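A short reminder: the numbers here are calculations on the coordinates, not readings from a lab. All of these numbers come straight from a predicted model, not from anything done at the bench.
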């Protein structure tokens, strides 16, 4: 769980930095990278949630 929280904090910090970079430069490449980071974190969260659900179903 600590690793997941660390990944979430790092991803949110990175996205915030990318959004700040976009606001200063207006270069859309920063928005694309932020979107990819958010997509990766979302997929990771779904995979972890599915693992937790499978673990609970196996233990029942």
Rounded to the nearest 500, what is the chain's calculated 222 nm mean residue ellipticity when only DSSP H runs of at least 4 contribute -39500 (n - 2.57) each, over all residues? -33000 deg cm²/dmol
Descending Cα extents along the principal axes, the chain, whole Å: 53, 19, 9
